[in-house]
Structures are given as structure tokens and as C-alpha cells.
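The values are calculated or read from the model by the stated rules, or taken from the named source; none is laboratory data. From a predicted model like this one, the values you see are computed outputs, not experimental measurements. Cβ: placed from backbone, ideal geometry, glycine included. Neighbour counts: every protein chain shown.
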Amino acid sequence: MLGETDDRARTLQQVAQEIIRIPDQRLQRNVAAATAILAGLVLEKGLIQRVLRRDIMRESVIYQEIEAEAKAEGRAEGRAEGLQEGIRRVAINLLKSQMLLEEVAKLTGLSIEDVQLLQTDIEGEST
């Protein structure tokens, strides 16, 4: 419906008014969250948040599931980045202790090219 109208913001406002009329609170929250998801395909986030009451959506099981998945994904990305940074620091320490590039690569799982770049960075810091 939003994709076929000329005035998407007005259509979303009309849908929001209908959502408010839903007597079952759980159904109301789920419809609001689903509407926000679909509206996100054709409208800006700020407009959607202004028109649809965010507090209603937050209580939706759909919204909560999406939010939980996004948080889990963010945590997983953070752990992966932290792990890579830790490996990088270990490699730097090994290089500073004069370990051979090949050995550093073998112990850290980094490619020879990545270890060479780290070595170049270390040498650049020394000058």
C-alpha cells in the first residue's frame, strides 16, 4: 500500500490511526512493529518513528526479536574484532622479540603479507 501511494507519509499516518484503534494491545504492538518494518522499505526512519509510537513497537515480540538479533550480531562482530586485535597485538610482540616472519604467521594464523605489513608498521614507528 505504501509503495503505491503518492503521499506515503499521509498513508502511514492513516495506518497509525487504525493501529491505535486495535483493542488487543499485543496485536496492536505487533501490527505497529510489522508496519514499521514494511514502511522502512520506502520511508525514512525518522518519519516512521514520529508517526508510529515507538513505545508501542518496543513492546512487540517482533520488535524485541529483531532488536535481540541486532544486539547479538553486534556482540559477535565486537568479539570478532577484539579477537583480531588481540592476534595483531600478539604478532607485533612476537615481531618485536625478533621472531621470524614465518613463525609469527604460523603461530597467529595471519598471512605472511599481513605479518610483513605489521613488521613495516613496527619499523616505521622506530624511525
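Among the residues of the range 43-64, is any surrounded by 12 or more Cβ atoms within 10 Å (Cβ to Cβ) and touching a Phe, Trp or Tyr at 6+ places or on another chain (Cβ under 6 Å)? Scanning the range 43-64 turns up at least one residue that is surrounded by 12 or more Cβ atoms within 10 Å (Cβ to Cβ) and touching a Phe, Trp or Tyr at 6+ places or on another chain (Cβ under 6 Å). Within the range 100-126, the only residue that satisfies the criterion of being part of a loop (DSSP other than H, G, I, E, B) and over 31 Å from the mean Cα position of the chain (by Cα) is L100. The set of residues in the range 1-41 that are basic (K, R) and either buried (at least 17 other Cβ atoms within 10 Å of the Cβ) or part of a helix (DSSP H, G or I) (or both) comprises R8, R10, R26, R29. Here the condition is being outside the structural domain of A36 (by TED's automatic domain parsing), exposed (fewer than 10 other Cβ atoms within 10 Å of the Cβ) and over 30 Å from A36 (Cβ atoms); of Q119, Q98, Q84, it holds for Q98 alone.
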